[in-house]
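Written out below as structure tokens is the structure these notes cover.
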Amino acid sequence: MILPASFFAQPPLQLARALIGKIIRHRVGDQWLAARIIETEAYDRRDRGSHASLGYTEKRKALFMAPGTLYLYYARGKDSLNFSAEGDGNGVLIKSALPWSDSLSPASSLQQMQQLNPDSKGLPRPLTRLCSGQTLVCKSLGLTVREWDQQSQHPQRLRVEDVGYTPVALLQSVRLGIPPGRDEHLLWRLIDRAEARHCTQNPLTRPQLPCHEILPGQPLVVSEPE
């Protein structure tokens, strides 16, 4: 099922949780490339780690558009994908994913993803590391700032789908790369616990990172901007 625009009309932390397990599917040529989201980060306009905390600009316009609008930006010169959430300036960063294969996205789609995102030696990356980072997600799926920033889902080109997957448990931790003094304490990073070893940085193996396990139906740990 393709997620409707109304799905994205949630506060950013709730949307970050809801997006875990959903499939991003992007058509490149005659192939649907697909990946299942395993890690997200929430950003609120009140949060000093958010781009929107610095105010509205044309470059950040997507974060102030309707929920579900794609906000793509360059992270160290490479493309990163966000979706706008409920509330002006709020959004969710897609931090990492796992390649997904089904009847619409067969093995040939996985091969194309590997061709789009080879390793530093030009060799195919292992599938489990193909989307283990925000810029690797975009590169593997062929998503670019130039084509998709400020755009909405398009059923025949780019869509987010619910395939009925529900994580057994989530991990809730701090976001990565937030400078000191910019609300780096917020527990606004969510990870599918079963896939933690494939995410950007596994908090289970990094004792310096605060980490809470969240079971289905349990509330998230509350943390607010200072």
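Observations on the model:
- Net lengthening on full extension, E86/L127 (0.36 nm per residue, minus Cα-Cα): 11.5 nm
- The stretch 98-161: translational diffusion in µm²/s, Stokes-Einstein, Kirkwood Rh over Cα pairs, 20 °C, 1.002 mPa s: 170
- Nearest-10 value in Å² for the accessible area of L104, using the 1.4 Å probe: 70
- Other-chain or far-sequence residues with amide H under 5 Å of K22's (modelled H): I37
- In the stretch 5-214, lysine pairs closer than 22 Å at Cα, eight or more apart or cross-chain: 12
- Of the listed residues R27, R125, the order by accessible area with a 1.4 Å probe, largest first, is R27, R125.
- Distance between the pseudo-spin-label points of K59 and D162 (7 Å out from Cα toward the beta carbon): 3.6 nm.
- On the beta carbon distance between E213 and S120, with R0 = 41 Å, the FRET formula returns roughly 0.75.
- Relative contact order of the chain, defined on C-alpha pairs under 8 angstrom at six or more residues apart (%): 25
- Treating each Cα of the stretch 3-106 as one equal point scatterer and applying the Debye formula with no solvent, the log10 of I(q)/I(0) at q = 0.21 Å⁻¹ comes out as -1.10.
- C-alpha center-to-center spacing [the stretch 176-226, the stretch 125-161] in angstrom: 23
- Each Lys and Arg adds +1 at its Cβ and each Asp and Glu adds -1 at its Cβ; summed about the Cα centre, the chain shows a dipole of about 560 debye.
- Ranked order, R76, R17 - accessible area, probe 1.4 Å, largest first: R76, R17
- When the Cα positions of Q172, W148, G87 are compared along the charge dipole of the stretch 5-214, W148 comes out farthest toward the positive end, with charges on each C-beta of Lys, Arg, Asp and Glu.
- Across the alpha-carbon set of the stretch 74-202, the Rg to Rh ratio works out to 0.95, Rh being the Kirkwood radius.
- The distance between label points at Q151 and A75 comes to 2.0 nm (points 7 Å beyond Cα on the Cα→Cβ vector).
- E226, E184, E41, E195, reordered so the largest accessible area comes first (probe 1.4 Å): E226, E184, E195, E41
- Semi-axes of the equivalent ellipsoid for the chain, Cα gyration tensor, largest first, Å: 25, 20, 17
- The chymotrypsin sites (Phe, Trp or Tyr not before Pro) of the stretch 122-226 that meet both conditions, a loop assignment by DSSP and at most 16 other Cβ atoms within 10 Å of the site Cβ, are Y165.
- Neighbours of V168, meaning other residues whose beta-carbon lies under 12 angstrom from its beta-carbon, give a summed charge of -2 when Lys and Arg score +1 and Asp and Glu score -1.
The values are calculated or read from the model by the stated rules, or taken from the named source; none is laboratory data. Source: prediction; values computed, not measured. A quick note on method: Cβ atoms are made from the backbone with ideal geometry, for glycine too, and the neighbour counts reach across all protein chains shown. To get the accessible areas, we keep the full protein, side chains included, count just its heavy atoms, and leave off ligands, DNA and RNA. Shrake-Rupley method; radii C 1.70, N 1.55, O 1.52, S 1.80 Å.
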